[in-house]
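Just below is one structure, and these are the notes that go with it.
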Amino acid sequence: MRRKARPGGGKQLELVIDSLGARGDGVAEHEGRPVYVPGTMPGDRLRVKLVGERSGGFKAEILELLEAGDSHVDAPCQHYGVCGGCNVQHVAPEFYRRWKRDIVVQALTRKGFSGGEVAEMVQVEAGTRRRAVFSALARGKKVSLGFHERESHRVVDVTDCKLLNSSLAGMIAPLRELLVVLLVPEQEKADITAISSPAGLDILVVSTAKLTLEGREAITDFAGKNAVARFAWNRPGEEPEPVAIRDKPIQVFGDIPVLPPEGAFLQPSTEGQQVLTDLVMGYLPDTFETVADLFSGCGTFTFPLSKRAQVHAVEGDERAVMALTTSARRNETAHRITSDCRDLDKDPITEEELEGGDCVVIDPPRTGAREQCYELAKSDIKTIVYVSCSPSTFARDARILVEGGYSLQEVTPVDQFIWSEHVELVARFEAEYDTDDDSADDNSVDLDTVAGS
């Protein structure tokens, strides 16, 4: 049976790239429609082959680069172009910084903001990543360990990654050897979360593979030879099982030591964590007595905040809340911190629960916090600091807050995800009017009509 031909597939063209799109692809035009070409820059002249359709236009792949644009540089990584992790290594630094800031500006302008609220981007250097999620695939006696190709489930076998700190980078080769023992059956897969800590590496393997006695012994030997503080195994649907514990992989939040659960979500670098913390603390008013830390995780912002105010931390991951509360008790900060395990998407903190509070810090996942922002928009909170890893969902939520009576004061982009289209940000909102004043009703809108999807 012949496969149905993809629209436009196979046609060859000569193009000049006009712009760099939000996903990091060069964009040209053909027959009035955009053509998206990975690995290209404005000013590049090249021959391409159309390979399908995307977003009302065409996808294309490079056949030959005829002339490079002024801001096209050589990528530093040997895996560039195959690995899907870094798709804009070919972009010159100055152009890269302008483009990445503009991702935030464009997301806001699409929701009716001026874009003038966006400050210059703060950038974290490559080679600082302390947390990475690897994919592994066993084929007989060989294991591929690395990251997926772009738009593919194929695993790129990575030998060197320019993003990782030295602890993670040095772990790749010995971990690959260990996985040859652990992933015995043909086509056995695993996802590995590896986090560096002052005490050593913290590794969680998630796989359907059965952990054998030989595997347990191999893990113990691996942990001893490679400065692994904790190595845990997790079959999907089950609780992680610590297999080797040599030390506690403590992380520090605002000088308070916290023991995160296995595979915990953390900021990808300690440097980036400090940048975000400094921005959050700097955006809060000089005097405040209470703050709600929503989507608090293990306490990245909770503990720094607790040095200045009473904090109520809310998080949906029970293990993260346990780590936060345990550390608070052990470090005599429990009297300044209360906590709640709560799914804020399904059960947001209500307007009534927020009544009388001073500030809110909110750090939702990539999907944003639409339902929570509806409640915030109706509240009497004076200052909201929003930390986001998705400019598009942030812009949607920002529109909800502004239509509810807040003003967007400032947005600072933060680049922890080097050489990718992903960008974080920290933003400050202030209440525009006294919420105890009856005149506030003149500013009210039907929030159900705001922001869309």
- Query: When only C-alpha pairs under 8 Å and at least 6 residues apart count, what is the relative contact order of the chain, in percent?
  - Reply: 12 percent
- Note on the structure: For Ala313, other-chain or 5+-apart residues with amide H closer than 5 Å (H placed, Pro excluded) are Asp293, Thr338, Ser339, Asp340
- Keeping all protein chains in place, calculate the accessible area per residue for the chain (probe 1.4 angstrom), answer in Å². 46 Å²
- Item | Restricting the stretch 146-198 to GluC sites (Glu not before Pro) in coil, as DSSP defines it, with at most 12 other Cβ within 10 Å | Glu151, Glu186
- Query: Expressed in nm to one decimal, what extension gain is obtained for the pair Ala334 and Glu371 from 0.36 nm per residue of sequence separation less their Cα-Cα distance?
  - Reply: 10.4 nm
- Note on the structure: Of all GluC sites (Glu not before Pro) in the stretch 251-357, the ones in DSSP coil with at most 11 other Cβ atoms within 10 Å are Glu289, Glu332, Glu355
- Query: Once the mean 1/r over all distinct Cα pairs of the stretch 1-149 is inverted, what Kirkwood radius in angstroms do you read off?
  - Reply: 17.7 Å
- Task: Quick one: plug the Kirkwood hydrodynamic radius of the chain (C-alpha pairs) into Stokes-Einstein at 10 °C, 1.306 mPa s, and report D in µm²/s.
- Result: 66 µm²/s
- Query: What Kirkwood hydrodynamic radius, in Å, does the stretch 68-107 give when the mean of 1/r is taken over all pairs of distinct Cα atoms and then inverted?
  - Reply: 11.2 Å
- Message: So if the hydrodynamic radius of the stretch 135-247 is defined as the Kirkwood radius over C-alpha pairs, what does Stokes-Einstein give as its diffusion coefficient at 37 °C and 0.692 mPa s, in µm² per second?
- Response: 231 µm²/s
- Note on the structure: Residue-normalised 222 nm signal for the chain, counting each DSSP H run of n ≥ 4 as -39,500 (n - 2.57), nearest 500 deg cm²/dmol, is -7000 deg cm²/dmol
- Message: If amide hydrogens are placed 1.01 Å from N in the peptide plane, which non-local residues have theirs closer than 5 Å to the one on His30?
- Response: Val35
- trypsin sites (Lys or Arg not before Pro) restricted to DSSP loop in the stretch 139-206 with at most 11 other C-beta within 10 Å: Lys141
- Item | Nearby lysines by direct alpha-carbon distance to Lys100 (threshold 24 angstrom, same-chain neighbours under 8 apart not counted) | Lys59, Lys111, Lys162
- Message: Let me check I've understood the local charge: for Gly43, count other residues with C-beta under 13 angstrom from its C-beta, Lys and Arg +1, Asp and Glu -1. What total comes out?
- Response: -3
- Message: Given Cβ point charges of +1 (Lys, Arg) and -1 (Asp, Glu) and nothing else, what value in debye, to the nearest 20, does the dipole of the stretch 247-309 about its Cα centre take?
- Response: 80 debye
- Message: Quick query: amide H of Arg54 versus all other amide H atoms, modeled in the peptide plane; which residues come in under 5 Å with a sequence gap of 5 or more or a different chain?
- Response: Lys59
- Query: Summing +1 for each Lys or Arg and -1 for each Asp or Glu, what net charge is found among the other residues whose Cβ lies under 9 Å from the Cβ of Glu120?
  - Reply: +2
- Cβ-based charge dipole, the stretch 267-326, positive-most Cα from Thr325, Leu284, Thr300: Thr325
- Stick to the Cα atoms of the stretch 187-229, pair each with every other, and give me the Kirkwood hydrodynamic radius in Å at one decimal. 11.4 Å
- Message: Given the options Ser152, Leu163, Val243, identify the residue whose Cα lies farthest towards the positive end of the charge dipole of the stretch 151-255 (+1 on Cβ of Lys, Arg; -1 on Cβ of Asp, Glu).
- Response: Leu163
- Message: About the Cα centre, and with charges only on the beta carbon of Lys, Arg (+1) and Asp, Glu (-1), how big is the dipole of the stretch 174-254? Nearest 20 debye, please.
- Response: 200 debye
- Task: Could you compute the FRET efficiency for Arg139 and Gln78, with r as their C-beta to C-beta distance and R0 at 22 Å, rounded to 0.05?
- Result: 0.55
- Message: Nothing charged except the Cβ atoms of Lys and Arg (+1) and of Asp and Glu (-1): what's the magnitude of the dipole of the chain about its Cα centre? Round to the nearest 20 debye.
- Response: 2840 debye
- Message: Using each residue's phi in the stretch 352-367, evaluate 6.51 cos²θ - 1.76 cosθ + 1.60 at θ = phi - 60° and report the 3J(HN,Hα) Karplus result to the nearest Hz, with x for Gly and Pro.
- Response: 5, 5, 7, 4, x, x, 8, 9, 10, 10, 10, 9, x, x, 4, 6
- Item | At R0 = 45 Å, FRET efficiency that the Cβ-Cβ distance of Glu177 and Ser114 yields, to 0.05 | 0.25
- Note on the structure: Mean separation of Cα contacts under 8 Å (at least 6 apart) over the residue count of the stretch 132-180, i.e. the relative contact order in percent, is 31 percent
- Accessible area, probe 1.4 Å, largest first, for residues Arg428, Arg33: Arg33, Arg428
- Message: With viscosity set to 1.567 mPa s at 4 °C, what whole-number translational diffusion coefficient in µm²/s follows for the stretch 32-93 from Stokes-Einstein and a Kirkwood radius over Cα pairs?
- Response: 104 µm²/s
- Query: If you add up the charges near Leu344, with Lys and Arg at +1 and Asp and Glu at -1, over every other residue whose beta carbon is less than 9 angstrom from its beta carbon, what do you get?
  - Reply: -3
- Message: Along each principal axis of its Cα atoms, how long is the stretch 196-328 end to end? Whole angstroms, biggest number first, please.
- Response: 58, 29, 21
- FRET efficiency, Asp255 to Asp380 (Cβ-Cβ, R0 30 Å, nearest 0.05): 0.40
- Task: Compute, for Met281, the solvent-accessible surface of its heavy atoms (probe 1.4 Å) with the complete set of protein chains present, and express it in square angstrom to the nearest 10.
- Result: 40 Å²
- Item | With every protein chain in place, the chain: carbon and sulfur % of accessible area (1.4 Å) | 47 percent
- Reduced to Cα centres, the span from the stretch 251-265 to the stretch 272-324 in Å works out to 13 Å
- Query: How big is the gap, in Å, between the Cα center of the stretch 70-145 and the Cα center of the stretch 386-401?
  - Reply: 20 Å
- Selected from Cys373, Ala199, Cys359, residue furthest toward positive end of dipole (the chain; charges at beta carbon): Ala199
- Query: Percent relative contact order of the stretch 192-343, based on C-alpha pairs within less than 8 angstrom and at least six residues apart?
  - Reply: 17 percent
- Query: Points 7 angstrom from Cα along the Cβ direction at Arg216 and Arg308: gap in nanometres?
  - Reply: 4.9 nm
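The values are calculated or read from the model by the stated rules, or taken from the named source; none is laboratory data. Just so it is clear, the structure is predicted and the values come from calculations on it, not from any experiment. Positions of Cβ are generated from backbone atoms using ideal geometry, with glycine treated the same way; all protein chains shown enter the neighbour counts. For the accessible areas, the whole protein counts, side chains as well, though only heavy atoms, and no ligand, DNA or RNA atoms are used. Shrake-Rupley method; radii C 1.70, N 1.55, O 1.52, S 1.80 Å.
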